[in-house]
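Some notes on the structure that comes next.
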Protein chains: 2
Amino acid sequence: MAKKTGRYAFAFEKNIYIAGYGNIAGKKEGQGPLGGLFDRIEPDLYCGRKTMEQAEVRMQQTALENALRRAGIGREELDLVGAGDLLNQCISSAYSFRDSDVPYIGLYGACSTMALSTLIAALSIEAGVAKTAAAFTSSHFGTAERQYRFPLEYGGQRQPAAQHTVTAAGAVILHEKKSPVRLAGGAFGSIQDLGVTDSSNMGGAMAPAALRLILDYLRETATSPADYDLILTGDLGAIGAEIVVDLAARNGVNLHSNYQDCGLLIYDRQKQDMHAGGSGCGCSAAVLTACVLPRIIEGTLKEVLFLSTGALMSPLSVMQGESIPAIAHLIHLKGERE
Amino acid sequence: MAKKTGRYAFAFEKNIYIAGYGNIAGKKEGQGPLGGLFDRIEPDLYCGRKTMEQAEVRMQQTALENALRRAGIGREELDLVGAGDLLNQCISSAYSFRDSDVPYIGLYGACSTMALSTLIAALSIEAGVAKTAAAFTSSHFGTAERQYRFPLEYGGQRQPAAQHTVTAAGAVILHEKKSPVRLAGGAFGSIQDLGVTDSSNMGGAMAPAALRLILDYLRETATSPADYDLILTGDLGAIGAEIVVDLAARNGVNLHSNYQDCGLLIYDRQKQDMHAGGSGCGCSAAVLTACVLPRIIEGTLKEVLFLSTGALMSPLSVMQGESIPAIAHLIHLKGERE
């Protein structure tokens, strides 16, 4: 039974390991600083399909296939999956997994989905409902832009605080067999809404949720940033990440040395003209599976706090003048090489 | 640790009980056969708010308040909630719970959300991540119609197979203290898609998922319909329910005597001109909390299988010619009066 050490933080009793991980990324992500690390670069926004939505489905399937291959198991050996995405009614996830007889938990956490789905998969193992469970998510620049903002053909001018939706998918497989990366614990966050109404500044809207969960998790586990090799948020981008570091410092927590944000790692913002950085469920999913897990496996990282953050508004709620509720979820990864 | 008896079915090891339950329903639901059973009837589709979306938020909050009152606890005593709804980006749930410091798991299971969220809340207790957890969901005729079909003002003619989205919200609170209703076990379903493309016939699209999970659960637990006082599906309506009973019979399972569907219970289809019956997350949530749980508590029901079913398409995926993936989740409720 998991051990709770506070309102949010818990440690799993079982030894839950990352059995496999996989990803796929789009052309712009392939041209970024992490381009050489992805399992595959897909240059075509349509992946050869009729619609970009079908392309996103295909990317999820590819990421999961890569994860299953690394884990050395077939899809039918999964006992449970947790998945979600940004599209209305989470269609990418439902369609990518509809030809399977594996119990499916549909999640909506916006860009927090990679941490959320991984926690749900781990929870199912801890509770005894699964022995092997998968988590996956995706985002796609074309499908997200036209749903949340404007059709690509419109060619709208982007605001400086805007982030670019990452075209990518990522998947992890969890089980109890000894592997080099252990999922030691984590925390489900609560919804934070400090009144930001500018949907072009998602990093600013999400920063309070990330900050709050980092501070609570450190306090509840009696640890400090120095105890971790990396504290990584999902897609706060330039503005959100600066807010987190600043406000953490005001709370006596120094994040200057080992804090990073996936939205700032995935693109070269200047050369690629990416404004405040990357966003989307696929951003943290791709960085986790292409960059973080391999570095833990090779031993260059040992203790990692990985948070994905999500903005829970809809285009309709923004048009109705509502502010943007945000959430973060956290997983604690530990390198355990022999 | 939960005991799995097959691919889908599991029984909780802990004694997890329904500590409280609550609901609220709209005017048409109040005029239906169950009208006298709801905690409150809200005659105004706007609940006195500026938008129907805000009204749906208010209904979720009211259902949760009623559940907390019955459980005799405050919202801050919750360790975790699982919630979701039908609206894009699940805004009803995120906005209804944004002013809280309780860990939040956002779910998307379409109309399967009541069973899904209840299972997630129970899973968190079984895994030791929560002692007291809540699950809630809602649907609203006005918000759903305009998102999935047409604005109400359009006055579109409905097809005979169409179901009416129920305006209602329901909530349950789970804990380990002895109460008259125990959540003995359940099953997360897998996605089933048999190729139905008619989004006016959601019952037909969802029936295979419900049928499959009922048959699998009975087989995996070595039980038969006679072992239950009630097997209740969420919102299959007239067409879906008939399919389930027919196909179950062809599989040697007789559902004629104790099977019912929430979508057929909530309205008087003839008098209220409700075509194939009710649908929406709020349908099974309201029937569970207004009708099923009270009857288990008073002793007229003892063993109940409650399934919510969801159709996981979006208006966009239907316009793109995709068929409708569907899912069901199941909870097994047991009356345990002293």
Test B:Lys50 against the stated conditions and say whether it is without any contact (Cβ under 8 Å) to a residue 12 or more places away in the chain and either of a type outside the set (S, T, N, Q) or not assigned by TED's automatic domain parsing to the domain that holds B:Val166 (or both).
-> yes
Some residue of region B:68-75 being small (Gly, Ala, Ser), out of contact with any helix residue (DSSP H, G or I) (no Cβ under 6 Å at 6 or more places or on another chain), more than 14 Å from chain A (Cβ to nearest Cβ) and over 30 Å from A:Ala2 (Cα atoms) | no
From A:Leu80, A:Leu64, A:Leu87, A:Leu37, which residue is farther than 23 Å from A:Leu119 by Cβ and touching a helix residue (DSSP H, G or I) at 6+ places or on another chain (Cβ under 8 Å)?
-> A:Leu37
How about region A:88-120: which of its residues are farther than 25 Å from A:Ala207 by Cβ, more than 7 Å from every other protein chain (Cβ to nearest Cβ) and crowded, with 24+ Cβ neighbours inside 10 Å?
-> A:Ser92, A:Ser93, A:Ser96
Can you name the residue in region A:76-87 that is facing chain B (nearest Cβ under 10 Å), of a type in the set (Asp, Glu) and more than 22 Å from A:Ile41 (Cα to Cα) and is also surrounded by the most Cβ atoms within 10 Å (Cβ to Cβ) among such residues?
-> A:Asp79
Taking into account only those residues within region A:121-146 that are closer than 12 Å to A:Val172 by Cα and surrounded by 24 or more Cβ atoms within 10 Å (Cβ to Cβ), which is nearest to the other protein chains (Cβ to nearest Cβ)?
-> A:Ala122
The lone exception for B:Lys3 - which of (1) over 29 Å from A:Met1 (Cα atoms); (2) among the charged types (D, E, K, R); (3) touching an Asp or Glu at 6+ places or on another chain (Cβ under 8 Å) it fails | (1)
Could we say that B:Asp216 is within 14 Å of another protein chain (Cβ to nearest Cβ), modelled with pLDDT of 95 or more and out of contact with any strand residue (DSSP E or B) (no Cβ under 6 Å at 6 or more places or on another chain) here?
-> yes
Unique residue being of a type outside the set (Phe, Trp, Tyr), closer than 18 Å to A:Thr289 by Cβ, buried (at least 24 other Cβ atoms within 10 Å of the Cβ) and in contact with a Lys or Arg (Cβ under 9 Å, 6 or more places away or on another chain) when the list is A:Leu183, A:Leu174 = A:Leu183
In region B:124-163, the residues that are in contact (Cβ under 8 Å) with a residue 40 or more places away in the chain, closer than 25 Å to B:Pro43 by Cα and among the aliphatic types (A, V, I, L, M) = B:Ala135, B:Ala144, B:Ala162
Could you please find all residues in region A:187-213 being of a type in the set (D, E, K, R) and assigned to a helix (DSSP H, G or I)?
-> A:Arg212
Tell me which residues, restricted to region B:294-338, are more than 23 Å from B:Leu211 (Cα to Cα) and buried (at least 23 other Cβ atoms within 10 Å of the Cβ).
-> B:Ile296, B:Ser317
Out of the residues in region B:188-203 that are among the small types (Gly, Ala, Ser) and closer than 19 Å to A:Asp79 by Cα, which is farthest from the other protein chains (Cβ to nearest Cβ)?
-> B:Gly189
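The values are calculated or read from the model by the stated rules, or taken from the named source; none is laboratory data. Here the structure is a predicted model, which is why all the values come from computation and not from measurement. Glycine also receives a Cβ, built like all others from the backbone with ideal geometry; neighbour counts cover every protein chain displayed.
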